[in-house]
There are 2 protein chains.
Amino acid sequence: MAKIAIMGYGTVGAGVYKTLAMNKDAIKRRVGEEVTVKRILDLREFPGDPAEKLVTHEFTDILNDTEISVVVETMGGLKPSYPFTKQLLEAGKSVCTSNKELVAAHGVELRETAREHHVNYLFEASCGGGIPIIRVLNTALTAEEIEEVTGILNGTTNYILTSMAEEGKEFGDALKEAQEKGYAELHPEADVEGHDARRKIAILSSLAYGKHINWEEVPTEGITKVDKADIRYAKALDCKIKLLATSRREEKGIWALVAPMMIGSENPLTAVGGVMNAVMVKGNAVGTTMYYGSGAGSLPTASAVCGDVIDCVKHKGMTIRTEYSTENLTLLPVNEVPRPFFVRMKGNEEDAKKAFGSISQVIRLEGLEGEFGFLTEMMPEKTFREKLEKAEGVINWYRRGKMEEEQEA
Amino acid sequence: MAKIAIMGYGTVGAGVYKTLAMNKDAIKRRVGEEVTVKRILDLREFPGDPAEKLVTHEFTDILNDTEISVVVETMGGLKPSYPFTKQLLEAGKSVCTSNKELVAAHGVELRETAREHHVNYLFEASCGGGIPIIRVLNTALTAEEIEEVTGILNGTTNYILTSMAEEGKEFGDALKEAQEKGYAELHPEADVEGHDARRKIAILSSLAYGKHINWEEVPTEGITKVDKADIRYAKALDCKIKLLATSRREEKGIWALVAPMMIGSENPLTAVGGVMNAVMVKGNAVGTTMYYGSGAGSLPTASAVCGDVIDCVKHKGMTIRTEYSTENLTLLPVNEVPRPFFVRMKGNEEDAKKAFGSISQVIRLEGLEGEFGFLTEMMPEKTFREKLEKAEGVINWYRRGKMEEEQEA
């Protein structure tokens, strides 16, 4: 019997306890032994909870328990999760986490510590909730040179953008609704400003390209600038506005970006609605693949954590070999990436052509007199921004996602 | 350096050689050592091919070479691939294959042989080409009770159905075009009659539910009955006709089925076009997940084989623990599964109601006078078939896929 502990009995931690109990038999079948929770660390008490008697307030009750071989860290934040994780790994216990903040900040170091002590530091649940994207990158697409990773990695913002598009809501109202339904937090900055997606694309890209990407270096724009009219323009162009977290390997290096972009029906991510997440991975042999599922929620996220726990139990005394490097990757400036841009501006088409050169797909919408929207030619972002600076009357603009006909390659 | 051999230098075998060469550096980074091809078994010669000098016609050159630790089997069929694979495993070599025929027929036994000899028999490429669906079931969704597996698992039929829907072609013309483009074989029965998808759903379902499903017991219908008019009716119902390979866990047991079905835009598989494949897996904790990619082709399939090779090299001397059982699973009769049915018939709505009870979504199409289409209420297939037998004037019918509003759960 494998004994584990859970640190942090919140939404995900409680989901882990529930999943291990609910699927006890299936897990035993697959692992060859039972996996049970021996201890739960939380500052609170949980009277009446089935796990009530397992709760301790003392970290050392877990750290010093030699029976416990795997610890789930679902506390979030950096303190005390960072020192706790470090000590557990040094004590020869594997740690499985959903804490993307910690993985993005100290993941490289913690993996190294795990390796030194022949244990594992796994974090499937840190990106894409229940979607097994980390395992796909670490253990499935291992014969690939990954060329691109692009995902809808934040459920909150996708919910807001979907409800703006489908119900015609303004950003503020859609956010309020998301908060009422529990899909957005009271302080939603980490989500709506793109920081959550930023950490996740940094983690996924580090695994995909084999060098460490500092999440703070990923250029990031949130969705607060998106308004109802922008979405009407997108619709008229047969597009949707989605918060994409993306990175791509070019000849000269790798760039990454988190920003709301206009994407069309040629892109399978366009169909991903509500709180769902999806990640597209393009490899030089396999071509385009996509992975779709619940990006958050108690049980989907817990499912990913439990998958990691099971992997640790199966690989007792052995570090699962995955590609990672402590070497830092310097990102290419996104300024050099060429693409078409959508621009919404006041004035007339002549002004637009003067400012941006050749334009196409000019859209005028009812009720928005005196302005129009259009697409520019493909140009490096740097060039576009220079033109933008000189242009007058621009109301808003978006990057247009790739328009290649590659979907059915 | 890990040395491997390839048996069968056809489309996939050559793709494996090419992928290992092309991505040599990435693979070395991830495995910790180089992976090179030492021998290729094929009856033919390949003058001018980069691998020309590795070719042998003697199986024993591979079997008796103690340097070769992993063998790729891309010969297809059962003879001689079955005895060759068996001997290699017994000689302590791991085998990685794309041969779904062999996996469906003798997979259980070969895995058992591998286990006895502390090696691996891996077959990621046997289902879904480059989509890492086997690894997802074996190593990612391990904390789940899987409730459903539904896929578009055959690229040839999906290409034909897509081209019928998008270009209004008749089945025969679409098949001919697929043959000309190399997407369908000269003798296309295995694809169009559904046998290929049948083997694949048997393999995936065996892994998902943990007991062996005999592929010959999966009720299977091909797409030869699909005609242009059926597809026009589907369109009018905002549906597509797709060849689905599906299995589901019910309270009383598990059923499986391969058949063309009408599915609507609420189902993410509806958007999967051309030769692409996708698999939806539903678990009791993670909910609905989906995996999408190239279901065939030299490099995508080779990528999956190479991923297996890498896993074998990483797990030298150790059988990767996965859930499988030599116990056979008796499938529930599909007759008991309730769903709505689409019926296309001659006569009038009164006849339809008399025959099938309450009907909805009645469709009449231009140019198809004297007939119409409609959906029945939800009923067990057995009940539907009884009604069908007594009804007069029925031209064709389809199962309607699930219509639940679960996509954005």
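Annotations
- Within region A:113-127, being within 14 Å of chain B (Cβ to nearest Cβ) and in contact with a helix residue (DSSP H, G or I) (Cβ under 7 Å, 6 or more places away or on another chain) holds for A:N120, A:L122, A:F123, A:E124, A:A125, A:C127.
- The single condition from (1) outside the structural domain of A:D196 (by TED's automatic domain parsing); (2) in a loop (DSSP other than H, G, I, E, B) that A:E144 fails is (1).
- The set of residues in region B:316-329 that are more than 9 Å from chain A (Cβ to nearest Cβ) and small (G, A, S) contains only B:G317.
- Screening A:G15 against (1) among the small types (G, A, S); (2) touching a helix residue (DSSP H, G or I) at 6+ places or on another chain (Cβ under 8 Å); (3) outside any helix (DSSP H, G or I) leaves a single unmet condition, (3).
- B:Y324 passes every criterion in (1) surrounded by 15 or more Cβ atoms within 10 Å (Cβ to Cβ); (2) more than 27 Å from the chain's Cα centre (by Cα); (3) not basic (K, R) apart from (2).
- Of the candidates B:I223, B:I160, the single residue that is farther than 19 Å from B:V281 by Cα, in contact (Cβ under 8 Å) with a residue 60 or more places away in the chain, crowded, with 17+ Cβ neighbours inside 10 Å and in contact with a Pro (Cβ under 7 Å, 6 or more places away or on another chain) is B:I223.
- Restricting attention to region B:32-45 and to residues that are of a type outside the set (D, E) and within 14 Å of chain A (Cβ to nearest Cβ), the residue that is nearest to B:M75 (Cα to Cα) turns out to be B:V37.
- Each residue in region A:117-132 was checked for being within 10 Å of the chain's Cα centre (by Cα) and within 17 Å of B:V281 (Cα to Cα), and 2 pass.
- Helices (runs of 4 or more DSSP H) within region A:51-124 that include 2 or more residues within 24 Å of A:I213 (Cα to Cα) and touching a strand residue (DSSP E or B) at 6+ places or on another chain (Cβ under 9 Å): A:81-90, A:100-116
- Subset of region B:1-31 [over 18 Å from B:A304 (Cβ atoms), within 9 Å of chain A (Cβ to nearest Cβ) and in contact (Cβ under 8 Å) with a residue 12 or more places away in the chain]: none
- Some residue of region B:254-276 being of a type in the set (S, T, Y) and without any contact (Cβ under 8 Å) to a residue 40 or more places away in the chain: yes
- Across region A:95-112, a minimum of one residue is classified as within 21 Å of the chain's Cα centre (by Cα), crowded, with 24+ Cβ neighbours inside 10 Å, of a type in the set (S, T, N, Q) and within 14 Å of chain B (Cβ to nearest Cβ).
- B:E124 buried (at least 24 other Cβ atoms within 10 Å of the Cβ), within 23 Å of B:K316 (Cα to Cα) and among the acidic types (D, E): yes
- Hits in region A:354-377 (condition: at negative phi and loosely packed, with under 13 Cβ neighbours inside 10 Å): A:S358, A:S360, A:V362, A:E366, A:E369
- Here is the figure for region B:23-50: residues that are assigned to a helix (DSSP H, G or I), within 30 Å of the chain's Cα centre (by Cα) and surrounded by fewer than 19 Cβ atoms within 10 Å (Cβ to Cβ) total 1.
- Residue within region A:67-77 that is under 18 Å from the mean Cα position of the chain (by Cα), assigned by TED's automatic domain parsing to the domain that holds A:K18 and surrounded by fewer than 19 Cβ atoms within 10 Å (Cβ to Cβ) present: yes
- Scan region A:343-365 for residues that are modelled with pLDDT of 95 or more and either assigned to a loop (DSSP other than H, G, I, E, B) or in contact with a Pro (Cβ under 8 Å, 6 or more places away or on another chain) (or both) and the total you get is 4.
- Subset of region A:34-79 that is free of Cβ contacts under 8 Å to residues at least 12 places away in the same chain and hydroxyl-bearing (S, T, Y) - its residue that is nearest to A:A14 (Cα to Cα): A:T60
- Members of region B:148-176 found to be more than 21 Å from B:K100 (Cβ to Cβ), in a helix (DSSP H, G or I) and not polar (S, T, N, Q), listed by number: B:M164, B:A165, B:E166, B:E167, B:F171, B:G172, B:D173, B:A174, B:L175, B:K176
- Positions within region A:298-315 being surrounded by fewer than 22 Cβ atoms within 10 Å (Cβ to Cβ) and at the interface with another protein chain (Cβ under 8 Å from one of its Cβ atoms), in sequence order: A:K314
The values are calculated or read from the model by the stated rules, or taken from the named source; none is laboratory data. What you see is a predicted model; the values in this text were computed from it and never measured. Methodologically, a virtual Cβ is constructed for each residue, glycine included, from the backbone with ideal geometry; neighbour enumeration extends over all protein chains shown.
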